[in-house]
Amino acid sequence: MTASIDPAITVRDLNFQWPDGKTVLDCCSLDVPRGEFWMLLGTNGCGKSTLLRLLAGLLPLADREAVQVSGRVGFVFQNPDHQLVMPTVGADVAFGLVEQGLSYREVRDRVEDALALVNLAHLIERPIYALSGGQKQRVAIAGAIAQHCDVLLLDEPTALLDPEGQIDLVERVRDIVHDRGMTALWVTHRLDELNYCNGAFLLENGQTVDRGDPERLKARFLQGQI
Ligand SMILES: Nc1ncnc2c1ncn2[C@@H]1O[C@H](COP(=O)(O)OP(=O)(O)OP(=O)(O)O)[C@@H](O)[C@H]1O
Ligand SMILES: [Mg+2]
């Protein structure tokens, strides 16, 4: 596997075991080129969420050198109920922005822009408990986008969305990643999303067993070779 010249995310020989002794990542390596939108594929339980959480600093690393992520990180959890912490949609998307010292106007503009991106501008006042699963997932994506981070990590962010909303959202996120010069790593099981990324990784047995052209990886997946 060839390495990227200017990666924003670098993983080198990363090992990770849960306290019960289960090895999830076993000498895992990958790199995501700066400014690009990459996806991560792999079967249930292969370690995709664990890898993303390690990249975001949400799990302790035995070897800190094994992971390098440049800049501020935004994260979208696989389960939006693990992400949404405020009582209403608007307050949740604004969470953390005030603490960054942004003006009221800047916070409001970012919240409105992010909610428009996920087609939820009309629900800004809605309590979180009164949202559907797909709407919660859209709010979680808006919250990460509003952070204006350098690196975006998204764990199956469209898993709860209807097919039309799913493709619309992957296109929108891809465009915003490119327009803002961000770098993104997006976990998915939905192969049609691969049409929108610069490249993809396959994770298997704790390692990235393949990386590169999304079409080729999609074909490999469909042939059941992993
Ligand atoms: N807190 C935990 N303690 C112990 N084992 C865990 C824990 N969380 C996950 N695991 C195990 O680690 C492995 C990798 O889990 P992970 O959630 O990273 O998989 P995944 O690739 O994201 O799967 P999916 O496609 O189902 O989301 C699985 O075998 C899982 O059972
Ligand atoms: Mg997962």
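The values are calculated or read from the model by the stated rules, or taken from the named source; none is laboratory data. None of these values were measured; they are calculated from a predicted model. Ideal geometry is used to build each Cβ from the backbone, glycine not excepted, and the neighbour counts take in all protein chains shown. Just so you know, the surface numbers come from the protein's heavy atoms only, side chains and all, with ligands and any DNA or RNA stripped out. Shrake-Rupley method; radii C 1.70, N 1.55, O 1.52, S 1.80 Å.
Here residue 32 does not qualify as buried (at least 22 other Cβ atoms within 10 Å of the Cβ) and within 16 Å of ligand 2 (Cβ to nearest atom).
Taking into account only those residues within the stretch 35-46 that are in contact with an Asp or Glu (Cβ under 9 Å, 6 or more places away or on another chain) and open to solvent by 10 Å² or more (accessible area, probe 1.4 Å), which is nearest to ligand 2 (Cβ to nearest atom)? Top of the filtered list is 46.
Residues in the stretch 21-43 that are in a loop (DSSP other than H, G, I, E, B) and modelled with pLDDT of 95 or more: how many?
Within the stretch 21-43, the subset in a loop (DSSP other than H, G, I, E, B) is 21-22, 34-36, 42-43.
This time we only want the ones that are modelled with pLDDT of 95 or more, so: 34-36.
Qualifying residue count, the stretch 21-43: 3.
When the residues of the stretch 57-107 are filtered to those that are over 16 Å from the mean Cα position of the chain (by Cα) and small (Gly, Ala, Ser), the one that is most open to solvent (accessible area, probe 1.4 Å) is 62.
Would you confirm, using the coordinates I've provided, whether residue 11 is among the aliphatic types (A, V, I, L, M), open to solvent by less than 40 Å² (accessible area, probe 1.4 Å) and away from ligand 2 (no atom under 16 Å from the Cβ)? For residue 11, the condition - among the aliphatic types (A, V, I, L, M), open to solvent by less than 40 Å² (accessible area, probe 1.4 Å) and away from ligand 2 (no atom under 16 Å from the Cβ) - is met. The set of residues in the stretch 85-101 being assigned to a loop (DSSP other than H, G, I, E, B) and modelled with pLDDT of 95 or more consists of 86, 87.
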